[in-house]
1. Tell me which trypsin sites (Lys or Arg not before Pro) from segment 1-103 have a DSSP coil assignment and no more than 10 other beta carbons within 10 Å of their own.
2. At a temperature of 37 °C and a viscosity of 0.692 mPa s, determine how fast segment 1-42 diffuses translationally according to Stokes-Einstein, using the Kirkwood radius over alpha-carbon pairs as Rh; express D in µm²/s, rounded to the nearest whole number.
3. Between residue 63 and residue 28, what is 0.36 nm times their sequence separation minus the Cα-Cα distance? Round to one decimal in nm.
4. Give a quick list of GluC sites (Glu not before Pro) in segment 33-110 that DSSP marks as loop, anything other than H, G, I, E or B, with at most 10 other Cβ atoms within 10 Å.
5. Report which label in (1) 54; (2) 37; (3) 33 holds the value of percent of Cα pairs over 23 Å apart derived from the coordinates of this structure.
6. Once neighbouring chains are kept in place and the probe is 1.4 Å, which whole percent of the accessible area of segment 1-81 is contributed by carbon and sulfur?
7. Hey, got a sec? Which chymotrypsin sites (Phe, Trp or Tyr not before Pro) in segment 40-129 land in a DSSP loop and have at most 11 other Cβ atoms within 10 Å?
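The values are calculated or read from the model by the stated rules, or taken from the named source; none is laboratory data. Just so it is clear, the structure is predicted and the values come from calculations on it, not from any experiment. Cβ atoms come from the backbone with ideal geometry, glycine included; neighbour counts cover every protein chain shown. Keep in mind that these areas ignore ligands, DNA and RNA; they rest on the heavy atoms of the full protein, side chains included. Shrake-Rupley method; radii C 1.70, N 1.55, O 1.52, S 1.80 Å.
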Amino acid sequence: MSHIALITLVVRDYDEAISFYTRALGFDLVEDADRGGGSRWVVVRPRGAGAGTGLLLARAAGEAQERSVGAQTGGRVGFFLHTEDFTGDRERMLAAGVRFLEEPRHEPYGTVAVFEDLYGNRWDLLQPA
């Protein structure tokens, strides 16, 4: 069976992105390999996700990519982080400085709140119903 393994997220700086995703969101750093010339292969994945989909953190190269940092989905929610403990994860994220754009709401599909990553990309924190 096929599956999506990685989604590229363009970032300003590898180390600040690694810090945010591992500390604020609790992701695991799966790989950080030097590719020469200042380029690195950096993969993070939600803790406990096993071999599920991860993020390839790619440092912006050039002006066009730099302009896309934080706006890769045109201001829409582009990333969806599922949780089994919405309240606990939201509290941990708030304590780590994550900015939520709304209060939690209860929808037919689950409990959800939109937050921003360190660059302004919008995410849903979602506990499915």
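1. Passing sites in segment 1-103 are 47, 76.
2. The Stokes-Einstein estimate is 280 µm²/s.
3. Here the segment from residue 63 to residue 28 would lengthen by 9.7 nm.
4. Sparse-neighbourhood loop GluC sites (Glu not before Pro): 84, 102.
5. (3)
6. 50
7. 109
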